[in-house]
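Report on the structure given below.
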Amino acid sequence: MKKKALALLLATAMTMAAAGCGNDSGTGSASGSPEGSVQDGAQDSTEDSSEGQEAGSEGSSQESEEPAYDFGGRTVRIGSYYDMTPNPEKSIFEKAFAERIDYVEQNYNCNIEFVVVGDDYVGSYITSVLSGDPVCDVGYVLSYKLLPSLIEGGIAQPISDLGVIDFSAPWYDAGAVESGTYKGKQYAIGQRGAGVQYGIFWNKTLFDRYGLPDLYELYENGEWNWEKFKEIALAGNQDTDGDGEYDVHGFNWRENLIWSFMSSNGANAVTKTDAGVELSLETPEAMEALEFYADFMQNVPQLSGWQSQIWDFRDGNSCMCYEAWWISGNYLAEMEDEWGFVPFPMGPSGKEYVSYGKEASPFMMLNGIEKPEEVAQIMDLIFQIFDDEEEWEEAILAAFEANATDSTAVDICLELSQKNKISPLMGFSDLDKMVNEMMNSLGNGEQTPQTALEANRSALEAEIADIQNHDYSADMQEQMDKYLNPEEEEAGE
């Protein structure tokens, strides 16, 4: 969308927010929430992204003309490890979702029940489906727990086979939908929200102080690329007291850096196929990413850590920070310096700016439920909390504006919100471990991309073959036994 249109939408969103319940800003959308208090990306990735201030209910889609439905009093049970009942006081999205549910219940003769299935929600899904009595109809799930095990194990059913849902509709989150695609079928749905995964936060105060180029200008001129990123990361290192050590770092990060290099260059470690997944580490795009990552890690001094790197950026000790958007509301509200947000820089083979995410948090439908077509139809109806694309963008802009410090960051977040790239790698745990160990060897200089691939090729290919022949049904039975007999599991440990 052009900038004038964005500005108009932002003004509308701010007016909506002002008309609501003051300064309340909730976290997460109704369709997904992080597992634990802090998470990187899900449908936000959900990952703890604040959803903005309250707005009026006029945007709810109940005012549009819709076909008449009568579901005969059907109750759809939506399960999770926590109570996902939308709280109208929390955010514009939850308010609209609560109103939409009420409308659908009253007009289409159905009921929505939110069910807490326990902390081990995956074990609950598996056990109940294998026992012939699904604990819920629809269940929250992290994408790497869904794909491939719950799909191959027969716990999740292919929603696309029902022929009910248009997954390209504006109320569906593109990243969440893609995260649930496997062997040509769709197994997950996620409601669209104000979610952006990884990007680069930059300290505008430090950039001005040390004469570093404006990242917004680089982005808008199409010059925000890997080389410029490396150049600024080096130039930002400052020894302010002359003791021979950097007091301010040009760049810091916590995890998943290699995967943003990959996704920003149109690459991935594995690629989905109709048969499952195949290795794609040796494509030209992947090799470019691996080589630049190895060079960057070995030649750019940087801070890394867990939460400490976020605090270092917040406290003005780093010029740039690689993180997911959710920290804007959770950590940066207390930041004294001015900050901005840009996408991860584009690689030489990249076609557009994207946002890598390690996971999404969509909904799956359990196998064995009654009349699954009705369940899919009801879920589709309650997801339609706004009338059209424009109203969705108004709400999303309002949510981003609640945490952003400038309008350019809002524009960028809106652009990225449907360009979250979720890798399927984490779902294949043994392969994921093997690949990440190889990435570590590149980062510390133990191996080059070429020698690492040569040394690991046969093991990687064997792991792919094992994935294709793996007995997931046996895995499901094993998890069911652990769920039903936790004492035996603890004794075995």
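None of the figures in this text is laboratory data; all of them are computed from the coordinates on show. It should be emphasised that the depicted structure is a prediction, and the values quoted were computed from it without experimental measurement. Cβ: placed from backbone, ideal geometry, glycine included. Neighbour counts: every protein chain shown.
What's the center-to-center distance, using Cα atoms, between segment 361-421 and segment 101-169 in Å?
18
Amide H to amide H under 5 Å from VAL270: which residues, 5+ apart in sequence or cross-chain, H placed 1.01 Å off N in plane?
Placed amide hydrogens put SER280 under 5 Å from VAL270.
Spelling out what I want: for every residue of segment 99-108, take phi, set θ = phi - 60°, compute 6.51 cos²θ - 1.76 cosθ + 1.60 (Karplus), and round to whole Hz; glycine and proline get x.
Result, ordered by residue: 5, 5, 4, 4, 5, 5, 4, 6, 9, 10 Hz.
Please compute the length gained on full extension between ASP214 and ASP70, using 0.36 nm multiplied by the number of residues separating them and subtracting their Cα-Cα distance.
The ASP214-ASP70 span can extend by a further 46.2 nm.
For LYS433 paired with GLU487, estimate the spin-label separation in nm (one decimal), with each label point 7 Å from Cα along the Cα-to-Cβ line.
3.0
Whole-Hz ³J(HN,Hα) for each residue in segment 247-260, computed from phi via Karplus 6.51 cos²θ - 1.76 cosθ + 1.60 with θ = phi - 60°, x for glycine and proline: what do you get?
Along segment 247-260, the couplings run 9, 10, 9, x, 7, 9, 7, 10, 7, 6, 4, 4, 6, 6 Hz.
Non-local amide H neighbours of CYS136 (under 5 Å, H modeled in plane, Pro and chain starts lacking H): which ones?
Placed amide hydrogens put nothing under 5 Å from CYS136.
For segment 276-348 and segment 209-248, what is the centre-to-centre distance using only Cα atoms, to the nearest Å?
If we compute the Cα centre of each part, the gap is 13 Å.
For PHE114, which sequence-distant residues (separation of 5 or more, or a different chain) have an amide H within less than 5 Å of its own amide H, given hydrogens modelled in the peptide plane?
ILE78
Each residue of segment 263-271 in turn: what ³J(HN,Hα) in whole Hz from Karplus with 6.51, -1.76, 1.60 and θ = phi - 60°, glycine and Pro shown as x?
With the stated coefficients, segment 263-271 comes to 5, 6, 10, x, 10, 7, 6, 9, 10 Hz.
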